[in-house]
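**Q** After the C-alpha cells below, expect a handful of questions from me.
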Amino acid sequence: MTSEPFIFPFRLLANVRADRRSPYGEAERRILSHAAAAVADREIRSWPGYAPTPLQSLRGIARALGIERVWYKDESGRFGLGSFKALGGAYGVLLLLKREVERRTGTSDVRTEDLRAGRYQGMVSDITVTCASSGNHGRSVAWGAQMLGCRCVIYLHAAVSERRAKAIAGLGAEVVMVQGIYDDAVRRADEDARRYHRFVISDTSYPGYLEIPRDVMQGYTVMVREALDQLPAGERPTHVLVQAGVGGLAAAVCAHLWEAWGSERPILVVVEPEEADCCYRSSVKGRPTTVPGQLRTIMTGLAAAEPSLLAWEILERGADFFLTIPDEPSRAAMRLLAGGKHGDPPIAAGESGAAGLAALMTAIPDGKARDELRLGPSARVLVFGTEGATDPEIYERIVGRRTSGLEG
C-alpha cells in the first residue's frame, strides 16, 4: 500500500483437495442449500428490526492495494447486536422451539408470530437453550431466547471480555464462565445440557450433534444473499476472503457461492489467526484436526481448536486456500477502517470482524502470495466485516478513538 504497508508474517496454503469442476451435489445440499436458504431468508426478513446491512465499496483501499474493487459487508449494525451471528443463533433457537412445540402438541403448523405473541408461552418458558460462545454467538442465542420467551444459559471461556459477558447477561441469559478455551466451554455446555435437559444451539457440529448447527449455518446465508443482491449490476467478485473459527461462516459462504456459480465461483480464501488455525491444519492433514494450546489471539471470535464436522465437509473440497495471520494485521486493519485514510467511509470493525480485510492487505505486498492468489489489477474482492465494536473498551484501546459515529 502507498501508506502504512502491511508487512506481517503469514502462512498461505493451497488446498490440494479443492475441485472447482465438481458440481455442488446432493451430499452438500443435505448440509446447506439454496432452497433452505430461501426459507431462512423469508423468515429472518420478517423479524422486527430487520434491515440489510450495507455493502461498502472501499475504493480508496482498493486503489492503494492496486486492485479494482474491495467490497466490505459491514455487519456492525445487525439487529443492534453488532455481529453477523444474529442471523444464525436466533434462527437456530426459533427452529428448535418450533420443533419442540410441535412435538409436544402433536401439530405441524407452529408459526413464528404465534411464538412471538406468547401463544405457547407456558410450554416455551419451560425450555432452556444453551451454548458455548466467544461473545457474539451467545449474544445472538440470548437475544433469540428473549424474543421468543424461553430460558437461556451461555457458557463463556476465560478469554471473553467482561463487557461482552455483561452484554449477554443484559439480554436475560444466565452466564457461566469456564476456565480454558472455547472448546472447553463447548464440552461443558454439552455436558450440562445432558444433565439438566437443555437444548444446545451451536454452529459447531460434532458426532451426534448435527441438525441444529446446520440450521445456524443456514441462517448465515442471509448475509451472503444480501451481499450478492447489493453488488453493482453485472459485477461479481473474483475473490472472497472469509474468516473461520470452527468454520461455520466460511462453509456457509463457500456453499452458497458454490451452488450459485459452480466452477465460475470466486476464489475462496479461509482466514484464521495463526495460533487458532484448525482449518489450516485440517487441510494439511486431510482430516479434522485439533489445535493444541491456549489459542492466544485478540481475535477471540475465531479462537477455536476444532473445526465443525459439517463445515469441514464443505470446506474440504470447496475452499481454494487457507491463510493464517498474527494479531497485528487485525489491529492495523481496524485502525485503517476507522480512520478512513484513503477517502473511504469510516467503519467500526471488531478484532475478528477485520480479519478478512487484514489478510488481504497482508498477502498483497508479498509478490509470491499475490501471484498465487491471482490478486492482480483486475481483482474484485469481497470481505465480510463480521462484527463491529462489540467491546468498545477494547476497540478504543486498539484504535485510539471511541466508536461514536462509526457504527451501523
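The values are calculated or read from the model by the stated rules, or taken from the named source; none is laboratory data. As the structure is a prediction and not an experimental result, all values here were calculated from the model. Cβ atoms come from the backbone with ideal geometry, glycine included; neighbour counts cover every protein chain shown. To get the accessible areas, we keep the full protein, side chains included, count just its heavy atoms, and leave off ligands, DNA and RNA. Shrake-Rupley method; radii C 1.70, N 1.55, O 1.52, S 1.80 Å.
**Q** Which residues, taken from segment 336-363, are surrounded by fewer than 24 Cβ atoms within 10 Å (Cβ to Cβ), in a loop (DSSP other than H, G, I, E, B) and among the small types (Gly, Ala, Ser)?
**A** Correct list: Gly340, Gly343.
**Q** At least 3 residues that are over 20 Å from Ile298 (Cα atoms) and among the basic types (Lys, Arg) in each: list the helices (runs of 4 or more DSSP H) lying fully within segment 114-196 that qualify.
**A** Values: elements: 121-124, 136-148, 162-169, 182-196.
Helices (runs of 4 or more DSSP H) meeting the threshold: 182-196.
**Q** In this structure, does Thr130 turn out to be β-branched (Val, Ile, Thr) and touching a residue at least 24 places away in the same chain (Cβ under 8 Å)? Don't jump to the end; show me each part of the working.
**A** Working: β-branched (Val, Ile, Thr): yes; touching a residue at least 24 places away in the same chain (Cβ under 8 Å): yes.
Against the criterion (β-branched (Val, Ile, Thr) and touching a residue at least 24 places away in the same chain (Cβ under 8 Å)), Thr130 qualifies.
**Q** Could I ask something else about it? Quick one: would you say Val222 is buried (at least 17 other Cβ atoms within 10 Å of the Cβ), of a type in the set (A, V, I, L, M, F, W, C) and touching a helix residue (DSSP H, G or I) at 6+ places or on another chain (Cβ under 6 Å)?
**A** Against the criterion (buried (at least 17 other Cβ atoms within 10 Å of the Cβ), of a type in the set (A, V, I, L, M, F, W, C) and touching a helix residue (DSSP H, G or I) at 6+ places or on another chain (Cβ under 6 Å)), Val222 qualifies.
**Q** Turning to a different aspect of this structure: Out of segment 99-125, which residues are exposed (fewer than 12 other Cβ atoms within 10 Å of the Cβ) and within 24 Å of Val175 (Cα to Cα)?
**A** Step one: of segment 99-125, the residues exposed (fewer than 12 other Cβ atoms within 10 Å of the Cβ) are 103, 106-109, 111, 113, 117, 122.
Selection gives Gly122 alone.
**Q** Between Ala145, Ala158, which is open to solvent by 10 Å² or more (accessible area, probe 1.4 Å) and small (Gly, Ala, Ser)? Walk me through it before giving the result.
**A** Working: Ala145 fails: open to solvent by 10 Å² or more (accessible area, probe 1.4 Å).
Answer to the selection: Ala158.
**Q** Let me ask something else about it. Identify all residues within segment 197-211 that are part of a loop (DSSP other than H, G, I, E, B) and not polar (S, T, N, Q); write none if there are none.
**A** Within segment 197-211, His197, Arg198, Ile201, Asp203, Pro207, Gly208, Leu210 qualify.
**Q** Name the residue, out of Arg104, Arg78, Arg151, that is of a type outside the set (A, V, I, L, M, F, W, C), closer than 23 Å to Val39 by Cα and out of contact with any Asp or Glu (no Cβ under 6 Å at 6 or more places or on another chain).
**A** Among Arg104, Arg78, Arg151, only Arg78 is of a type outside the set (A, V, I, L, M, F, W, C), closer than 23 Å to Val39 by Cα and out of contact with any Asp or Glu (no Cβ under 6 Å at 6 or more places or on another chain).
**Q** Find the residue count for segment 373-391, including only residues that are in contact with a helix residue (DSSP H, G or I) (Cβ under 9 Å, 6 or more places away or on another chain) and surrounded by fewer than 17 Cβ atoms within 10 Å (Cβ to Cβ). Lay out the reasoning, then the answer.
**A** Let us first name the residues in segment 373-391 that are in contact with a helix residue (DSSP H, G or I) (Cβ under 9 Å, 6 or more places away or on another chain), namely 373, 375-376, 379-391.
Checking which are surrounded by fewer than 17 Cβ atoms within 10 Å (Cβ to Cβ) leaves us with 376.
The total comes to 1.
Here is a yes/no grid of residues against (1) under 30 Å from Ala167 (Cα atoms); (2) among the aromatic types (Phe, Trp, Tyr); (3) open to solvent by 20 Å² or more (accessible area, probe 1.4 Å):
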site: Ile7; (1), (2), (3): no, no, yes
site: Tyr24; (1), (2), (3): no, yes, no
site: His34; (1), (2), (3): no, no, yes
site: Ala37; (1), (2), (3): yes, no, no
site: Gln56; (1), (2), (3): yes, no, yes
site: Tyr72; (1), (2), (3): yes, yes, no
site: Leu81; (1), (2), (3): yes, no, no
site: Val93; (1), (2), (3): yes, no, no
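**Q** Another question about this same structure. In contact (Cβ under 8 Å) with a residue 60 or more places away in the chain, open to solvent by 10 Å² or more (accessible area, probe 1.4 Å) and farther than 22 Å from Gly82 by Cβ: is that true of Asp366 in this structure?
**A** Working: in contact (Cβ under 8 Å) with a residue 60 or more places away in the chain: yes; open to solvent by 10 Å² or more (accessible area, probe 1.4 Å): yes; farther than 22 Å from Gly82 by Cβ: yes.
Here the answer is yes, as Asp366 does meet what is asked.
**Q** Could we say that Asp190 is surrounded by fewer than 14 Cβ atoms within 10 Å (Cβ to Cβ), of a type in the set (D, E, K, R), under 25 Å from Ile314 (Cα atoms) and out of contact with any Pro (no Cβ under 7 Å at 6 or more places or on another chain) here?
**A** Values: surrounded by fewer than 14 Cβ atoms within 10 Å (Cβ to Cβ): no; of a type in the set (D, E, K, R): yes; under 25 Å from Ile314 (Cα atoms): yes; out of contact with any Pro (no Cβ under 7 Å at 6 or more places or on another chain): yes.
Answer is no for this residue.
**Q** While we're on this one: Would you please name the residue that is nearest to the chain's Cα centre (by Cα), looking only at residues in segment 75-109 that are acidic (Asp, Glu) and modelled with pLDDT of 95 or more? Write out each step before concluding.
**A** Narrowing segment 75-109 to residues acidic (Asp, Glu): 75, 100, 102, 109.
Within this subset, residues satisfying the condition of being modelled with pLDDT of 95 or more are 75, 100, 102.
On the way: Glu75: 10, Glu100: 26, Glu102: 30 Å.
Residue satisfying both the conditions and the ranking: Glu75.
**Q** Please tell me if Ile181 is β-branched (Val, Ile, Thr) and either under 19 Å from Gln243 (Cβ atoms) or free of Cβ contacts under 8 Å to residues at least 40 places away in the same chain (or both). Before the answer, list the steps.
**A** Details: β-branched (Val, Ile, Thr): yes; either under 19 Å from Gln243 (Cβ atoms) or free of Cβ contacts under 8 Å to residues at least 40 places away in the same chain (or both): yes.
Yes, satisfied.
**Q** Let me ask something else. For segment 45-64, enumerate the residues that are among the hydrophobic types (A, V, I, L, M, F, W, C) and closer than 18 Å to Gly385 by Cα. Steps first, please.
**A** Of the residues in segment 45-64, the ones among the hydrophobic types (A, V, I, L, M, F, W, C) are 47, 51, 55, 58, 61-62, 64.
Matches in segment 45-64: Ala51, Leu55, Leu58, Ile61, Ala62.
**Q** Another question, then. Assigned to a loop (DSSP other than H, G, I, E, B), more than 23 Å from Gly248 (Cβ to Cβ), in contact with a His (Cβ under 9 Å, 6 or more places away or on another chain) and modelled with pLDDT under 95 - does that describe any residue in segment 52-66?
**A** no
**Q** Could you please find all residues in segment 133-189 being under 25 Å from Gly385 (Cα atoms) and of a type in the set (S, T, N, Q)?
**A** Ser133, Ser134, Asn136, Ser140, Ser161
**Q** Now for a separate question. Out of Ile398, Ile364, I need the residue that is more than 19 Å from Leu268 (Cα to Cα) and modelled with pLDDT of 95 or more. Which one? Working first, answer last.
**A** Values: Ile364 fails: more than 19 Å from Leu268 (Cα to Cα).
Every option except Ile398 fails the conditions.
**Q** Please give the number of the condition Ala36 fails out of (1) in contact (Cβ under 8 Å) with a residue 60 or more places away in the chain; (2) more than 19 Å from Asp215 (Cα to Cα); (3) aliphatic (A, V, I, L, M).
**A** All conditions are met except number (2).
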